[in-house]
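Following: one structure in structure tokens, then a few remarks.
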Amino acid sequence: SNRIRELKISNSVTSIAVGAFAGNFLRELTIPSGVVVINSGAFIDNILTTITFPEGITTIGSAAFANNSIQSLTIPKSVISIGQQALSINDLTSVTIPERVDTIGKNAFGLNSINIECE
């Protein structure tokens with residue numbers, strides 16, 4: 001199959017397009033420091049267990065990481081918006097949300113029994 005298993009994104013990238021890496025076999029992901037916006041569905045339908053976000057990212061779009069296998073996540077202090085269903089259908093048990101977030105969309109973290117901590 002032609003699905004992506006590993007991905008290295010250049011530091012010059014500032015935005016990840018709608019659906020850019022949807023439906024692949026990505027297990028781990030490090031978002032580079034230049035990325036400010038991750039658009040809707042950018043990484044939906046992968047097998048992600050680990051995501052490392054840079055400080056500086058401001059927006060996580062709708063369903064950006066939906067339908068993966070993420071268990072725990074710390075959202076950087078720079079984030080101000082988390083779209084609807086951004087992290088739904090995952091294995092989340094723990095999410096840390098920074099104080100600066102002013103928008104959290106409907107069902108952003110799915111219907112899991114999770115511990116949400118605000119900093």
### Task
Report the semi-axes of the equivalent ellipsoid for the stretch 20-65 in whole Å, largest first, where each axis is √(5λ) for an eigenvalue λ of the Cα gyration tensor.
17, 13, 7
### Query
What part of the accessible area of the chain, given as a whole %, is carbon or sulfur when the probe is 1.4 angstrom?
47
### Query
Using the reciprocal of the averaged 1/r over all distinct C-alpha pairs, how large is the Kirkwood radius of the stretch 25-95 in Å?
11.8
### Task
Could you tell me what fraction of 2.2 N^0.38 Å the Cα radius of gyration of the chain comes to, as a two-decimal ratio?
0.96
### Query
Just Leu29, Leu48, Leu87 to compare: in a GNM of the chain, with alpha carbon springs under 10 Å, which one fluctuates most?
Leu29
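With every protein chain kept in place and ligands, DNA and RNA left out, what is the accessible area per residue of the stretch 1-103? Probe 1.4 Å, answer in Å². Write down the numbers at each step before the final one.
Details: 5010 Å² over 103 residues.
Value returned for the stretch 1-103: 49 Å² of accessible area per residue.
Only Cα pairs under 8 Å and at least 6 apart count here; give the relative contact order of the chain as a rounded whole percent.
Numbers: 357 pairs, mean separation 22.0, N = 119.
Taking the mean separation of contacting Cα pairs over the length of the chain, I get 19 percent.
The values are calculated or read from the model by the stated rules, or taken from the named source; none is laboratory data. Fair warning: this is a prediction, and the values are worked out from it, not measured in the lab. Heavy atoms of the whole protein, side chains included, go into the accessibility calculation; ligands, DNA and RNA do not. Shrake-Rupley method; radii C 1.70, N 1.55, O 1.52, S 1.80 Å.
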